[in-house]
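Quick note: the coordinates plus some simple rules give every number you see, no bench work behind them. Keep in mind the model is a prediction, meaning the values are calculated, not measured. As a convention, Cβ positions derive from the backbone with ideal geometry for all residues, glycine included, and neighbour counts pool all protein chains shown.
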Amino acid sequence: MVEVPAQSCTVPARFRLGRWVAVAAAAVLSACQIPSADLKERPHAEPVTATTSPVVRTGYPEQLVQTVPLAGPLAEPEVEISGLDWFGDVLVLLPQYPDRYGHNLFGLPRQALDAALSDPGEAPLEPFPIPLVNGSDLRSLEGYEGLEAIVFAGSRFYLAVEGRSKGRMLGYLIPGKVLGNLEGLELDLADSILLPPQTSLMNKAYETLVMQDLQVVAIHELAGKETNPERHALLFSAELEAVGTLDVPEVEFRITDATRLDPHGRFWAINFHWPGEKQLPTQGDAIRERWGEGDSHKDVAIVERLLEMEIRDGRIDLVDRPPVELVLLDEVVARNWEGIVRWADEGVLVVTDRFPTTILAFVPFPEED
């Protein structure tokens with residue numbers, strides 16, 4: 001194992017309404033448990049009132065999400081989905097601990113997803129298993145605490161793994177190969193690399209992987225002014241040789257996953273905050289100060305939004321457009337969105353981990369002029 005040394009666009013005028021959107025689960029889900037920064041401790045929380053000064057709203061309307069009904073393992077919160085990516089026409093869902101389900105990842109065909117989004121009366125979708133054939137070897141990694149992100153590149157794939165040892169966080173980047181037409185996935189643990197920590201905060205490591213051409217970009221989940229002042233993304237060749245770093249823009253709270261790049265080098269990232277996360281400050285959010293907040297986000301410390309970013313001139317920047325905020329369930333229950341992929345040119349699919357339960361949902365893109 002090799003250790004890597006530490007190292008304008010037009011704002012759209014309106015949203016496309018896209019597919020019809022319907023969410024009626026708020027009343028049920030509001031009774032579910034609230035996510036905790038430490039999975040061993042999941043306290044209930046009272047509503048937290050944000051204390052920032054009011055900002056004139058200049059952003060888009062908040063967006064409702066259209067949920068996709070799920071069955072089988074995906075209907076269980078314990079599956080803890082932590083990442084998404086496409087392999088051809090199969091949506092691959094990454095559980096944080098594949099050994100809980102026989103060392104399997106899960107797949108949903110695009111055609112079944114399209115039918116579920118077009119007709120919400122369709123039966124719940126049950127995934128098929130994708131064997132991680134040598135997944136039991138993951139437990140040999142020092143301080144192993146589960147899988148956080150996956151990205152495919154042809155017949156290859158890469159995993160971001162989180163660990164904790166001797167009071168410090170560890171990050172691993174592991175390559176692998178696809179067997180046949182997704183009959184299985186095989187890890188190349190001998191070629192894995194150790195990613196240097198960027199912060200001393202616990203339970204915080206690398207949760208986002210994207211491909212830039214044939215290079216792998218690993219993005220840390222913290223990029224805040226105080227939480228990670230030396231923030232940068234790590235850049236690797238396909239063989240996982242370190243080839244440099246990319247500056248990362250100041251973004252408060254957590255960055256939990258990102259889509260693939262479009263032809264212009266742009267991608268959408270999940271930006272999430274649960275007010276019970278005591279390690280992270282809730283003040284000084286430059287994005288909120290710039291664009292204001294939607295109705296359900298006002299006077300609430302929960303943040304559920306999508307940010308558009310781009311890789312340009314050797315750095316990652318925020319695209320000059322408002323965030324896409326999701327209509328919150330209520331003032332207490334935060335949906336811990338952990339995975340995101342593009343859905344054609346219409347929007348994105350996002351997925352939560354176990355809090356408040358497993359939710360797979362569609363969010364429409366803003367419409368360009």
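Run the numbers on segment 171-278 and let me know its relative contact order in percent, using alpha-carbon pairs under 8 Å that are six or more apart. Intermediate results must be reported in sequence, preceding the final value.
Values: 197 pairs, mean separation 20.2, N = 108.
That works out to 19 percent.
Enumerate the amide H contacts of Leu91 below 5 Å, restricted to partners 5 or more residues apart or on another chain; note that Pro and chain-start residues carry no placed amide H.
For Leu91, whose amide H was placed from the backbone, the distant partners under 5 Å are Leu108, Arg110.
Extending each Cα 7 Å along its Cβ direction at Ser155 and Glu142, get the distance between those two points in nm, one decimal.
Once both label points are built, they end up 3.4 nm from each other.
Karplus couplings for segment 337-350 from phi (6.51 cos²θ - 1.76 cosθ + 1.60, θ = phi - 60°), rounded to Hz, Gly and Pro as x?
5, 10, x, 8, 9, 6, 10, 6, 9, 9, x, 9, 9, 10
Bin width 5 Å, origin at 0, all Cα-Cα pairs of segment 184-274: what percent of pairs per bin?
Histogram of Cα-Cα distances, whole percents per bin: 3, 13, 22, 25, 19, 12, 5, 1, 0.
Taking the alpha-carbon distance from Lys225 and a cut-off under 27 Å, which lysines remain once sequence neighbours fewer than 8 residues away in the same chain are dropped?
Of all the lysines, those that pass the test against Lys225 - Cα under 27 Å, at least 8 places apart if same chain - are Lys166, Lys204, Lys278, Lys298.
If Lys and Arg each add +1 and Asp and Glu each add -1, what is the summed charge of the other residues whose beta carbon sits under 15 Å from the beta carbon of Leu328?
In short, -4.
So what J values fall out for segment 166-172 if you push phi through Karplus, 6.51 cos²θ - 1.76 cosθ + 1.60 with θ = phi - 60°, rounded to Hz, Gly and Pro as x?
These are the phi-based 3J(HN,Hα) values: 6, x, 9, 7, 10, x, 10 Hz.
Taking K and R as +1 and D and E as -1, what net charge do the other residues with C-beta under 10 Å from the C-beta of Glu207 add up to?
Charge balance in the 10 Å sphere: -3.
Could you list which residues have their amide H under 5 Å from that of Thr227, counting only those 5 or more apart in sequence or on another chain, with H placed in the peptide plane?
Under 5 Å from the amide H of Thr227 lies no amide H from a residue far enough along the sequence or on another chain.
Give me the one-decimal nm value for the distance between modelled label points at Ala190 and Ala75, 7 Å along each residue's Cα-to-Cβ direction.
Placing both labels 7 Å along Cα→Cβ, they lie 4.4 nm apart.
May I ask you to list the residues of segment 62-92 whose amide nitrogen lies under 15 Å from a point 7 Å from Cα along the Cα→beta-carbon direction of Ala344?
89
Give the separation of the Cα centroids, segment 117-140 to segment 314-369, in Å.
About 21 Å separates the Cα centre of segment 117-140 from the one of segment 314-369.
Could you check the spin-label model distance between Val133 and Gln212? Points 7 Å from the Cα along Cα→Cβ, value in nm.
3.3
I'd like the FRET efficiency for Glu183 and Ala242, computed as 1/(1 + (r/R0)^6) with the beta carbon distance as r and R0 of 25 Å, rounded to 0.05.
Working: r = 32 Å, r/R0 = 1.28.
Plugging the Cβ-Cβ distance into 1/(1 + (r/R0)^6) gives 0.20.
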